[in-house]
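These notes concern the structure reproduced below.
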Amino acid sequence: MNKVGLFLKHVAPYQLQYNINVLKNYFPLIRDRHNVKSALDVGCGPGDLTSAIFQFVEQDINEMIGIDISPVMVDWANKAYGGVRIYFSKVDVQTIPKDFENRFDCIFSFWTLHWITDQSVNMHQAPFQKSANPQRELVEILEHVGFKDISCNVETVRFGNYTENDIAGFFFALSPYYDYIPINLRMEFIRDHVHLVDTEQDASGQRHYYFDHTMFVVHGCKKP
């Protein structure tokens, strides 16, 4: 996911709006219970959301660090949003540096964990879409690894009003496979994905594309 321009145009605006609403609804619960002095954003991408998070916590904290595995994204984020108390670093979340251990009072991660490709990690990720009670199952997993004061909600979210070009740009920006496909087959690959996206028709007959997501919104506390 290194196509920063496409990501900012076709993906980030939709994600950012939803994520800001999550912060407004849930971050006060964290702030009221914890002394937040340092914060980490895992999977920061181009830094737009990390910057938005910083605006919520800047009166409380001394540092805000965003990490991402993509050097292109990290470079963009530092140029666009980096400063004295907010900066970005190339880090693989599966191999966290020693100087990050027990360092942060608050850790955020939006739209990131499903990108983990380590199969030894994936085998422990429950197939929640098949679960009779996904909230309870996730809470039990979090309790097992040491989290307390857990709140877990499932929200259905629609990202809609996309044009066909928007959807194509969405897949251009996000697909981890696009760059590995032969050049002469890439447009066919994108079209196949676009045709799988749900659509609805407005009163004028214009067709719009949309995604429905079922989202976990989870926060909890873990003592070192």
message: Quick test of your reading of the structure: Thr199 fulfils all but one of (1) closer than 24 Å to Val22 by Cα; (2) in a strand (DSSP E or B). Name the failing condition by number.
response: (1)
statement: Across the range 206-216, the tally of residues that are exposed (fewer than 14 other Cβ atoms within 10 Å of the Cβ) and closer than 25 Å to Ile141 by Cα stands at 3
message: With the requirement that a residue be modelled with pLDDT of 85 or more, assigned to a helix (DSSP H, G or I) and touching a helix residue (DSSP H, G or I) at 6+ places or on another chain (Cβ under 7 Å), what does the range 16-49 give you?
response: Leu16, Asn19, Ile20, Leu23, Asp48, Leu49
- prompt: With respect to Asn153, is the statement that it is within 24 Å of Phe104 (Cβ to Cβ), among the polar types (S, T, N, Q), surrounded by 10 or more Cβ atoms within 10 Å (Cβ to Cβ) and at pLDDT 85 or above true?
  reply: yes
query: What are the residue pairs meeting all of these: first residue in the range 134-153, first residue closer than 11 Å to Phe216 by Cβ and part of a helix (DSSP H, G or I), second residue at pLDDT below 90 and aromatic (Phe, Trp, Tyr), Cβ atoms under 6 Å, and 6 or more apart or on different chains?
result: Pro134/Phe128
statement: Gln17: passes all of (1) more than 26 Å from Val194 (Cβ to Cβ); (2) loosely packed, with under 15 Cβ neighbours inside 10 Å; (3) not charged (D, E, K, R) but (1)
task: Give just the number: which of (1) touching a strand residue (DSSP E or B) at 6+ places or on another chain (Cβ under 8 Å); (2) surrounded by fewer than 19 Cβ atoms within 10 Å (Cβ to Cβ); (3) over 21 Å from Leu174 (Cα atoms) does Cys106 not satisfy?
output: (2)
message: So Ile61 ticks every box in (1) surrounded by 14 or more Cβ atoms within 10 Å (Cβ to Cβ); (2) closer than 19 Å to Gly45 by Cα; (3) in contact with a strand residue (DSSP E or B) (Cβ under 6 Å, 6 or more places away or on another chain) but one. Which box is left unticked?
response: (2)
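Does Leu174 meet the test of being surrounded by 15 or more Cβ atoms within 10 Å (Cβ to Cβ), in contact with a strand residue (DSSP E or B) (Cβ under 9 Å, 6 or more places away or on another chain) and at pLDDT below 90?
no
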query: Is there a residue being in a strand (DSSP E or B) and loosely packed, with under 13 Cβ neighbours inside 10 Å anywhere in the range 189-196?
result: no
- line: Taking the range 83-93 and the residues there that are of a type outside the set (D, E, K, R) and under 20 Å from Thr112 (Cβ atoms), the one that is nearest to the chain's Cα centre (by Cα) would be Val93
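Going by the conditions given, is Phe54 of a type in the set (Phe, Trp, Tyr) and either buried (at least 20 other Cβ atoms within 10 Å of the Cβ) or in contact with an Asp or Glu (Cβ under 8 Å, 6 or more places away or on another chain) (or both)?
It is true that Phe54 is of a type in the set (Phe, Trp, Tyr) and either buried (at least 20 other Cβ atoms within 10 Å of the Cβ) or in contact with an Asp or Glu (Cβ under 8 Å, 6 or more places away or on another chain) (or both).
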- prompt: So which residues in the range 71-92 are crowded, with 19+ Cβ neighbours inside 10 Å and out of contact with any Pro (no Cβ under 7 Å at 6 or more places or on another chain)?
  reply: Val74, Tyr81, Ile86, Phe88
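The values are calculated or read from the model by the stated rules, or taken from the named source; none is laboratory data. Quick caveat: nothing in here was measured; it's all calculated off a predicted structure. Cβ sites come from the backbone with ideal geometry, for glycine too, and all protein chains shown count toward neighbours.
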